[in-house]
Amino acid sequence: MAQAELTILGLESSCDETAAAVVRGGPPGPGAILSSIVASQDEAHAPYGGVVPEIAARAHVERMDEIVVRALDRAGLGLAEVDAIAATAGPGLIGGVLVGLMTAKALALAAGKPLIAVNHLEGHALTARLTDGLPLPYLLLLVSGGHCQLLAVEGPGRYRLLGGTIDDAAGEAFDKTAKLMGLGFPGGPAVERAALTGDPRRFALPRPLLDRPGFDFSFAGLKTAVRYALQRAGHVDETFKADLAASFQAAVVDILSARVKAALRWFAETYPGAARHAVVAGGVAANTAIRDALRAVAGSEGFTLTAPPLRLCGDNAAMIAWAGLEQFAAGMTSPLDVGGRARWPLA
Ligand code: KG4
Ligand code: ZN
């Protein structure tokens with residue numbers, strides 16, 4: 001049943017995007033994104049080929065105040081007109097997490113508004129409700145720079161973990177492969193671009209763990225195979241890079257597809273009365289080849305697949321505001337002395 005409309009300001013600073021957003025609505029969604037400002041730090045980290053925590057934290061400090069003002073301005077609202085303030089409290093780079101969380105605490109105290117500490121992963125997990133009002137429960141593949149997990153989403157704060165990566169996250173595998181191939185940072189979009197013209201069958205790369213049952217993932221061996229292919233080649237031209245990128249991406253697609261297929265069957269058995277919905281979320285969900293493959297797998301098992309629009313795949317504050325909104329609607333708020341957490345599993 002839809003509840004009264006809530007208006008939530010959300011802040012995100014757990015990795016390398018400084019973001020603030022205002023979202024309005026009520027569970028189950030969809031909600032209205034009144035504003036969503038995302039300032040990427042890609043340029044600051046690119047020379048290092050990865051996110052440098054200290055640089056990220058400083059950049060968040062420099063930008064957060066202005067980004068919050070812009071989010072409120074664009075929404076046409078003052079702080080007095082929001083119902084609560086949500087901020088990512090983890091997991092992530094702790095220096096950055098604290099910048100957003102402390103800013104939210106200060107705003108909450110000054111404006112006399114409730115504070116909601118949000119798990120960043122829950123932001124990704126509930127985005128399909130913000131965009132599509134997806135009913136609960138649903139199966140979630142969460143694929144980002146730091147995570148690769150299969151979860152059943154039962155509600156805000158209620159998750160069942162089926163399995164996750166035993167080494168690298170999917171996005172991490174893309175980033176490391178891009179670095180090995182000299183494709184730049186962030187790696188995911190660069191590998192996807194390079195793969196467009198490549199032959200995915202040229203290199204026989206491994207599909208680690210797929211010979212074993214269960215829902216866990218492994219990508220480290222795949223990355224190592226990419227390194228060996230580069231070392232063996234000596235001279236590497238653009239065609240070689242395109243073929244290797246395409247072969248790598250095809251292996252990731254196969255790994256994700258196989259695990260999701262098994263998980264969909266588990267979901268159908270575990271929640272026999274539930275509608276059959278699956279969601280892919282997180283930065284890697286921006287990848288077209290992965291989205292297309294998962295859509296086909298879902299279809300073959302009688303499931304719908306919801307994938308966020310591209311601007312909501314990567315880190316943003318609209319998803320944090322929405323996750324905060326769902327918690328607030330369920331009566332959950334956080335004390336002003338709530339701490340930030342570098343690690344914070346959903347389940
Ligand atoms: O969710 P996200 O923005 O940040 C984390 O919370 O980790 O995910 C970032 C990750 C990075 O590893 C990035 O390379 C990957 O998502 N990514 C992609 C694509 N766009 C971003 N991976 C594959 N294909 C893409 N198009
Ligand atoms: Zn994320």
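The values are calculated or read from the model by the stated rules, or taken from the named source; none is laboratory data. Predicted model, so just to flag it, every value in this text is computed and none were measured. Neighbour counts are summed over all protein chains in view; Cβ atoms, including those assigned to glycine, are modelled from backbone coordinates with ideal geometry.
Could you run through region 90-118 and say how many residues are buried (at least 24 other Cβ atoms within 10 Å of the Cβ) and within 14 Å of ligand 1 (Cβ to nearest atom)?
Going through region 90-118 one residue at a time, the tally reaches 5.
Table: residues versus (1) away from ligand 1 (no atom under 16 Å from the Cβ); (2) in the same structural domain as ASN316 (by TED's automatic domain parsing); (3) free of Cβ contacts under 8 Å to residues at least 60 places away in the same chain.
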{"site": "GLU12", "(1), (2), (3)": "no, yes, no"}
{"site": "GLU17", "(1), (2), (3)": "no, yes, no"}
{"site": "VAL52", "(1), (2), (3)": "no, yes, yes"}
{"site": "ALA56", "(1), (2), (3)": "no, yes, yes"}
{"site": "ARG63", "(1), (2), (3)": "yes, yes, yes"}
{"site": "VAL68", "(1), (2), (3)": "yes, yes, yes"}
{"site": "LEU79", "(1), (2), (3)": "yes, yes, no"}
{"site": "ALA86", "(1), (2), (3)": "yes, yes, no"}
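Going through region 154-202 one residue at a time, which ones are of a type in the set (Ser, Thr, Tyr) and either assigned to a strand (DSSP E or B) or buried (at least 20 other Cβ atoms within 10 Å of the Cβ) (or both)?
TYR159, THR165, THR177
Please enumerate the residues belonging to region 288-311 that are farther than 30 Å from ASP42 by Cβ and assigned to a loop (DSSP other than H, G, I, E, B).
Matches in region 288-311: GLU301, GLY302, PHE303.
What are the residues in region 126-182 that are over 23 Å from ARG295 (Cα atoms) and either of a type in the set (Val, Ile, Thr) or not assigned by TED's automatic domain parsing to the domain that holds ALA250 (or both), if any?
ILE166, THR177
Are any of the residues in region 49-59 outside any helix (DSSP H, G or I), touching a Leu at 6+ places or on another chain (Cβ under 6 Å) and either among the aliphatic types (A, V, I, L, M) or crowded, with 17+ Cβ neighbours inside 10 Å (or both)?
For region 49-59, residues outside any helix (DSSP H, G or I), touching a Leu at 6+ places or on another chain (Cβ under 6 Å) and either among the aliphatic types (A, V, I, L, M) or crowded, with 17+ Cβ neighbours inside 10 Å (or both): absent.
Collect the residues in region 39-48 that are surrounded by 16 or more Cβ atoms within 10 Å (Cβ to Cβ) and either out of contact with any Lys or Arg (no Cβ under 8 Å at 6 or more places or on another chain) or farther than 22 Å from LEU312 by Cα (or both), keeping them in residue-number order.
GLN41, HIS45
Regarding region 320-341, can at least one residue be identified that is touching a helix residue (DSSP H, G or I) at 6+ places or on another chain (Cβ under 8 Å) and hydroxyl-bearing (Ser, Thr, Tyr)?
Among the residues of region 320-341, at least one is touching a helix residue (DSSP H, G or I) at 6+ places or on another chain (Cβ under 8 Å) and hydroxyl-bearing (Ser, Thr, Tyr), which makes the answer yes.
Of everything in region 320-347, what is within 18 Å of VAL99 (Cα to Cα) and within 16 Å of ligand 2 (Cβ to nearest atom)? Give them in sequence order.
Matches in region 320-347: ILE320, ALA321, GLY324, GLY340, ARG341, ALA342, ARG343, TRP344.
Among the candidates TRP322, TRP344, single out the residue that is surrounded by fewer than 21 Cβ atoms within 10 Å (Cβ to Cβ) and either under 21 Å from the mean Cα position of the chain (by Cα) or at pLDDT 95 or above (or both).
TRP344
Could you please find all residues in region 2-16 being within 16 Å of ligand 2 (Cβ to nearest atom) and in contact with a Gly (Cβ under 7 Å, 6 or more places away or on another chain)?
Matches in region 2-16: GLY10, LEU11, GLU12, SER13, SER14, CYS15.
Restricting attention to region 284-317, which residues are surrounded by fewer than 17 Cβ atoms within 10 Å (Cβ to Cβ), within 16 Å of ligand 2 (Cβ to nearest atom) and free of Cβ contacts under 8 Å to residues at least 40 places away in the same chain?
LEU310
Kindly indicate whether GLY29 is assigned by TED's automatic domain parsing to the domain that holds ILE320, at pLDDT 95 or above, within 20 Å of ALA330 (Cβ to Cβ) and in a strand (DSSP E or B).
no
Output the residues belonging to region 236-287 that are in a loop (DSSP other than H, G, I, E, B) and more than 30 Å from LEU183 (Cβ to Cβ).
TYR271, PRO272, GLY273, ALA274, ALA275, ARG276
What tally of residues in region 125-175 results from selecting those that are farther than 25 Å from GLY331 by Cα, away from ligand 2 (no atom under 14 Å from the Cβ) and hydrophobic (A, V, I, L, M, F, W, C)?
Looking only at that region, the number is 4.
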